[in-house]
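**Q** Submitted below is the structure of interest, expressed as structure tokens.
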Amino acid sequence: MSNDLLKFVSIDQSMPAKREASDRLKDFDEVYKEFDIPSAQEQSSRCSQCGVPFCHIHCPLGNNIPDWLRLTAEGRLEDAYEMAASTNNMPEICGRICPQDRLCEGSCVIEKDFDAVTIGSVEKYIADTAWENGWIKPIKPLVELDQSVAIIGAGPAGLAAAEELRKVGYQVHIYDRHDRAGGLLVYGIPGFKLEKDVVGRRTGRLEQSGITFHLDFEVGREASLAELREKHDALLVATGVYRARGLKAPGVGLGNIREALDYLIASNKKSFGDTVPEFESGALNAEGKNVVVVGGGDTAMDCVRTAVRQGAKSVKCLYRRDRDNMPGSVREVKNAEEEGVEFVWLSGPEAFLGDENVEAVRAYRMRLGAADATGRQAPEPVPDSTFTMDCDLAVLALGFEPEDLPSLFDAPELRVTRWGTVTVDHGTMMTNLDGVFAAGDIVRGASLVVWAIRDGRDAAECIKKHLQKQLSEAA
Ligand code: FAD
Ligand code: SF4
Ligand code: SF4
């Protein structure tokens with residue numbers, strides 16, 4: 001064992017420095033600063049190189065974490081990057097936005113007594129260093145193959161699949177209805193968690209690798225699924241989930257009650273310098289407003305933290321359970337509180353009040369009742385507990401469901417589950433249509449970037465097998 005390791009007894013856990021909240025509020029730049037070389041080496045050296053590394057088991061990508069921690073501790077950063085990139089198409093993105101406390105770091109064996117190894121920050125550091133040093137080059141396949149694959153959706157699932165297919169020489173075409181590639185990485189997740197140039201350098205590299213992007217191309221409008229099947233040898237549906245879950249309450253149809261993703265997309269487009277009429281008109285801009293965000297997941301956290309940066313007068317997050325039972329990451333709640341967001345726990349909207357536009361939200365207190373089938377305590381309203389808060393902009397962040405893909409794609413024969421997610425054979429990742437595969441949120445339901453990458457990689461393997469079989473049958 002190298003002398004550079006097992007230092008968790010003598011070296012404390014240390015995260016990269018965090019910008020002061022007052023400074024963070026001035027822009028949409030990332031909150032966490034970068035490790036410097038000595039800190040990354042030192043933090044990596046805390047790893048005990050477990051024989052059975054639980055961090056690796058609980059990383060959805062099965063990253064070889066102890067190996068790249070060892071290489072980092074030894075100062076072999078280029079080798080560490082090669083190792084990290086062999087299982088992850090976007091290590092610097094996962095290092096930034098994976099909920100590590102629930103995945104790799106939450107399973108680190110030294111966590112109980114010594115605090116976990118800061119795996120995510122090291123992963124980000126290794127990959128950022130690789131970019132800075134020009135170690136990450138466009139893909140040059142050894143052969144060019146004639147077969148082509150269409151990928152619908154340029155989110156992490158589609159991008160990961162595209163990269164894996166291009167590496168072996170397939171002609172890859174990505175179709176996306178947005179004007180920029182990246183899916184929720186560009187238009188959902190705000191810059192203070194993931195700066196946009198970090199995504200842009202990944203998609204740019206794929207373009208330089210010979211992958212063709214067809215942007216502003218909505219499948220179902222510009223072409224039907226059948227037309228794309230006609231044109232390509234295989235097809236991957238990686239369209240994510242975008243239909244916002246609604247809320248039934250009196251007044252919910254008033255003006256200035258908006259869905260989370262509309263709000264976040266407008267803000268992200270502004271960060272790119274685009275003209276966004278609904279932002280310019282004030283409809284999707286929180287500046288000077290009393291903002292109430294309803295929901296307790298990561299999307300809600302992104303909305304409240306966007307609103308404080310836009311200069312809202314007040315920002316409240318209304319959530320029907322308590323802090324211990326919210327789905328959002330603990331780290332994000334802490335960040336939001338530091339930035340001035342007020343959490344109104346155990347509360348739900350009873351009615352939205354106003355004439356034309358919302359002016360106030362009447363909410364009731366909730367308490368946690370008996371556990372439901374999933375074991376979670378179901379919230380129930382406390383009688384006679386209503387209270388009212390001022391509100392000029394309400395943002396609903398209650399989760400997402402799939403759109404009606406069979407209708408949208410003009411493909412009624414495409415089989416979906418009763419929740420609208422696309423049905424696949426889990427061994428082959430193929431839908432009920434020959435040569436049509438699916439991956440990411442559109443199969444799993446709303447999930448995480450790291451799972452989308454995993455699915456994209458798995459789908460690429462299945463597509464390769466399918467295309468090889470197609471060739472051998474034609475021979
Ligand atoms: P998406 O990223 O949704 O990409 C799908 C793409 O398909 C989009 O670009 C879309 O434009 C395109 N598309 C859809 N329909 C069509 C069509 N008909 N024609 C052409 N193109 C189409 N996960 C984390 O791990 N960490 C986080 O911090 C985190 N924060 C999040 C914050 C928000 C606000 C949201 C909404 C999600 C967050 N997630 C986070 C979840 C994560 O972003 C998703 O799980 C992940 O992006 C799913 O990847 P995907 O490739 O399946 O789909
Ligand atoms: Fe941890 Fe995510 Fe990196 Fe896996 S991909 S090691 S879960 S930060
Ligand atoms: Fe190192 Fe923690 Fe993984 Fe063990 S579980 S190999 S200590 S990072």
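The values are calculated or read from the model by the stated rules, or taken from the named source; none is laboratory data. Please read these numbers as outputs of a predicted model, since none were measured by experiment. Heads up, the Cβs are rebuilt from the backbone with ideal geometry, glycines too, and the neighbour counts pull from every protein chain shown.
**Q** Condition test on ALA378, is it in contact with a Pro (Cβ under 6 Å, 6 or more places away or on another chain) and hydrophobic (A, V, I, L, M, F, W, C)?
**A** no
**Q** In region 87-135, which residue that is under 27 Å from ALA161 (Cβ atoms) and among the β-branched types (Val, Ile, Thr) is farthest from ligand 1 (Cβ to nearest atom)?
**A** Only one residue tops the list, namely THR129.
**Q** Specify which of the listed residues (ALA336, ALA351) is hydrophobic (A, V, I, L, M, F, W, C), over 22 Å from the mean Cα position of the chain (by Cα) and not assigned by TED's automatic domain parsing to the domain that holds VAL31.
**A** Residue meeting the stated conditions: ALA351.
**Q** Return the only residue of LEU165, LEU185, LEU159 being assigned by TED's automatic domain parsing to the domain that holds ALA446, more than 16 Å from ligand 2 (Cβ to nearest atom) and surrounded by 24 or more Cβ atoms within 10 Å (Cβ to Cβ). Walk me through how you get there before you give the answer.
**A** Values: LEU185 fails: more than 16 Å from ligand 2 (Cβ to nearest atom); LEU159 fails: more than 16 Å from ligand 2 (Cβ to nearest atom).
Going through LEU165, LEU185, LEU159 in turn, just one is assigned by TED's automatic domain parsing to the domain that holds ALA446, more than 16 Å from ligand 2 (Cβ to nearest atom) and surrounded by 24 or more Cβ atoms within 10 Å (Cβ to Cβ): LEU165.
**Q** Still on this structure, please answer the following. The conditions are (1) buried (at least 24 other Cβ atoms within 10 Å of the Cβ); (2) in contact with a strand residue (DSSP E or B) (Cβ under 7 Å, 6 or more places away or on another chain); (3) β-branched (Val, Ile, Thr), and VAL308 fails exactly one of them. Which is it?
**A** (1)
**Q** Would you mind telling me which numbered condition in (1) touching a residue at least 24 places away in the same chain (Cβ under 8 Å); (2) away from ligand 2 (no atom under 16 Å from the Cβ); (3) in a helix (DSSP H, G or I); (4) crowded, with 16+ Cβ neighbours inside 10 Å VAL443 fails?
**A** For VAL443, the exception is condition (1).
**Q** Tally time: how many residues in region 49-63 are surrounded by fewer than 19 Cβ atoms within 10 Å (Cβ to Cβ) and either of a type outside the set (A, V, I, L, M) or part of a helix (DSSP H, G or I) (or both)?
**A** Residues in region 49-63 being surrounded by fewer than 19 Cβ atoms within 10 Å (Cβ to Cβ) and either of a type outside the set (A, V, I, L, M) or part of a helix (DSSP H, G or I) (or both): 7 in total.
**Q** Mind counting the residues in region 126-183 that are in a helix (DSSP H, G or I), of a type in the set (Lys, Arg) and in contact with a strand residue (DSSP E or B) (Cβ under 9 Å, 6 or more places away or on another chain)?
**A** 1
**Q** Go through the residues of region 228-241 one by one and say whether even a single one is closer than 22 Å to LYS313 by Cβ, in contact with a strand residue (DSSP E or B) (Cβ under 8 Å, 6 or more places away or on another chain) and in a loop (DSSP other than H, G, I, E, B).
**A** The answer is no, given that none of the residues of region 228-241 is closer than 22 Å to LYS313 by Cβ, in contact with a strand residue (DSSP E or B) (Cβ under 8 Å, 6 or more places away or on another chain) and in a loop (DSSP other than H, G, I, E, B).
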